[in-house]
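Single-structure report; data block below.
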Amino acid sequence: MTEQKKIIIIEDHPLFREGIKTILNRNPHYQIVAEAGTGRDGLRMVRELRPELVLLDLSLPDIRGLSLIDDIKEISRKTGILIISMHSQIDHIIKSFQCGAMGYIVKESAADTLLVAIETVLKGDYYMDSSVSRKVVRKLAKIPDRSPATERSG
């Protein structure tokens, strides 16, 4: 049997944390070793437990999520960070990756998306939720956004 991957959840909404735990507890390859509702508690747990993965909400009551990414990476370079956020603004996403996150999904995503994102990040690859990836690529490539109302036919 393969060793379980240690995961810490840093999310300030208890009900959302419970949902994530329910999804992950179905998979024997994952072990949720801790959960935190604040950034400070999350950092302390990362320092103590050195997980393979942190599932991180960017909107916490005490520490900005982007600075928390830096702090986690400073503590444990090997820890992958997957952002799970309500924010789908391009700037939040790009800054998350620039700070060291390996994945980004929005909270409206399906459970399957979460599992694929976790597997991808644990393998050392980047993951971006398909619901936001097109917008991000357009911004990075400086391609103007064309909504269906502004596109010309034939």
Subject >> Fraction of alpha-carbon pairs over 11 Å apart in the stretch 4-49 - percent >> reply: 64
**OP:** Give me the number: length gained by fully extending Lys142 to Ala111, i.e. 0.36 nm times residue separation minus the C-alpha to C-alpha distance, one decimal in nm.
**Re:** 8.0 nm
**OP:** May I ask for the distance between the Cα centers of the stretch 115-133 and the stretch 19-58, given as a whole number of Å?
**Re:** 17
**OP:** Would you kindly state how much longer the chain becomes between Asp125 and Ser67 on full extension, computed as 0.36 nm times their sequence separation minus their alpha carbon distance, in nm to one decimal?
**Re:** 18.7 nm
Subject >> Per residue solvent-accessible surface (Å²) - the stretch 1-108, probe of 1.4 Å >> reply: 50
Subject >> Ratio of the Cα radius of gyration of the stretch 16-94 to 2.2 N^0.38 Å, where N counts its residues >> reply: 1.08
Subject >> the chain - mean residue ellipticity at 222 nm from DSSP helices (-39,500 (n - 2.57) per run, n ≥ 4, rounded to 500) >> reply: -13000 deg cm²/dmol
Subject >> Of Thr38, Gly124, Ile75, farthest towards positive along the dipole that unit charges on Lys, Arg, Asp, Glu beta carbons give the chain >> reply: Gly124
**OP:** Given the peptides 134-142, 54-62, 92-100, arrange them by the average over their residues of other C-beta atoms within 10 Å, most packed first.
**Re:** 54-62, 92-100, 134-142
Subject >> Lysine pair number, Cα distance threshold 18 Å (strictly under), the chain, separation 8 or more or different chains >> reply: 17
Original post:
To the nearest 10 square angstrom, what accessible area does Glu48 show with a 1.4 Å probe?
Top reply: 120
Original post:
Hey, any idea what % of the chain's accessible area is carbon plus sulfur with a 1.4 Å probe?
Top reply: 51
**OP:** For a quick protection proxy, order the peptides 41-47, 17-23 by their average other-Cβ count within 10 Å, most packed first.
**Re:** 41-47, 17-23
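By the scheme Lys and Arg +1, Asp and Glu -1, what is the net charge of all other residues having a beta-carbon under 10 Å from that of Lys6?
0
The values are calculated or read from the model by the stated rules, or taken from the named source; none is laboratory data. Keep in mind that this is a model prediction, so the values were computed, not measured. So basically every Cβ, Gly included, is an ideal-geometry build from the backbone, and we count neighbours across all protein chains shown. For the accessible areas, the whole protein counts, side chains as well, though only heavy atoms, and no ligand, DNA or RNA atoms are used. Shrake-Rupley method; radii C 1.70, N 1.55, O 1.52, S 1.80 Å.
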